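Some notes on the structure that comes next.
Derivation of every value follows stated rules applied to the coordinates shown; laboratory data play no part. Predicted model, so just to flag it, every value in this text is computed and none were measured. Using ideal geometry, Cβ is built from the backbone for each residue, glycine included, and neighbour counts are taken over all protein chains shown.
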Amino acid sequence: MQTTMQPTSERSASRVAALLMCAPSAYDLLYEINAWMHLSDKPDKQLAWRQWEQLYHTLTEQIGIPVRLIEQASEAPDMVFTANAGLPLPGKQIVLSRFRHPERQVEEPYFDQWFREQGYTVHLLPSDCAFEGEGDAFLVDGLIVAGYRKRTDICAHRYLSQLTGLEVLSLELVDDRWYHLDTCFLPLGGRLVAYYPEAFDWYARRVIEQHFETIPVSPEEALKFACNSVVIGKQVAMPAGCPILRFYLEERGYTVYEVPMSEFIKSGGACKCLVLYLLDE
Ligand code: ARG
C-alpha cells in the first residue's frame, strides 16, 4: 500500500471496535432464497456449529477483536448472518435492514431490539425500500460503497447519502450467485479492495477501478467465497481454500487465518456474512 494511504487506512482499521455474531443454535436451511440454497443439500448442523466456533475462536483469540453475541430466534434460521442486521454508522447509530424476503423479515424486530438495548439510535428506511445492511454496504475511507438490484433497492442508497452526507458509490450486481456486495467485494483498508469483476456490470467495474487500488479475485476463489472475509487491520479471517488471494494478501503484509465454511456456503454465506462490524463510539 502506498504511504500516502497510511493515515486513512489506520483510521478506518481502528474504527471497527467489536463484532456482532449469532451462534447457530437454530441455523438451518428451510427455504431457497438465493442461488446457493438447495433444500436437497442441507447443512450438517454439528459441523456448522464447529465451523462457527472456529471462526469465533479465530476472531477473539487469534485476531483479538471483541465479539458481542445476539441470541438466535428459533423461527429465523438465517439470523446467524448478522452482517445483514443493518449498517452501523459512527456515533452509535445503525440503519436497520429491510429484508427483501419475508423469510428473513422475521429477524428485523430482534436486531432492532438488540441495538436499542445497547443505546443505539436506530434509523428505519421506508417499508417498501429493501436494504440488507452490511451485506450490501460498507463504509470505506469516507465513502459508502453499496450494492443494489438483488437484495437492496437503489432507494436505500439515496437514503444513506441523505442521512450521512457521504458520497455513495452505487454498484449494480448482475449475477445471482453474488447477490450481496460482501460476496464479491472485499475492502482491505484505505483504498485497497479485492473484488470479483464478473459479479458487477461494466459501469460498476469502472467505478471500482476509478476509486480503488484493486486485487482481482479468480472465478474459482470467488466461488469459494474468497471475498467474504473478515478484515481487522492487517489480519484476515478467510474461507478455506483460497490460496491465490491469500498469497496476494500475505505479500502485502496481511496475516491470513483460514476457516472452513462449507456448511454456511450451502446457505450462501461465509466468514463476513457471520459478522457485523461495530464501530468505535
Ligand atoms: N441465506 C442467507 C440469505 O440468503 C445468506 C445471507 C448471507 N449474508 C451475506 N451478508 N452475504 O439471505
Q: Mind grabbing the base-10 log of I(q)/I(0) for the chain at q = 0.07, 0.08, 0.10, 0.13 Å⁻¹? Debye formula, identical points on the C-alpha positions, no solvent, two decimal places.
A: -0.21, -0.28, -0.45, -0.80
**Q.** log₁₀ of I(q)/I(0) at q = 0.12, 0.13, 0.14 Å⁻¹ - the range 73-214, Debye sum with one point per alpha carbon
**A.** -0.45, -0.53, -0.62
Q. Which value results for Rg/Rh of the range 18-107 when Rg is the Cα radius of gyration and Rh the Kirkwood radius based on the inverse mean 1/r?
A. 0.98
Q.
From the P(r) of the range 111-193, could you give the percentage of C-alpha pairs in the tail past 18 Å?
A. 45
Q) How do 121-134, 230-243, 157-170 rank on mean C-beta neighbours within 10 Å, highest first? A) 230-243, 121-134, 157-170
Q) If you take every DSSP beta bridge whose two residues both sit in the chain, what share of them, in percent to the nearest 5, is antiparallel? A) 50
Q.
Run the helix sum for the chain: -39,500 (n - 2.57) per DSSP H stretch of 4+ residues, divided by residue count, reported at 222 nm to the nearest 500 deg cm²/dmol.
A. -7500 deg cm²/dmol
Q | More than 17 angstrom apart: percent of Cα pairs within the range 188-238 | A | 38
**Q.** Most fluctuating residue given options V207, V174, V259, as computed from a GNM of the chain linking Cα atoms under 10 Å
**A.** V207
Q. What Rg and what Dmax come out for the range 167-281 when only alpha-carbon atoms are used, in angstroms?
A. 13.4, 39
Q: Calculate the translational D of the range 207-265 in whole µm² s⁻¹ from Stokes-Einstein, where the hydrodynamic radius comes from the Kirkwood formula applied to all Cα pairs, the temperature is 20 °C and the viscosity 1.002 mPa s.
A: 179
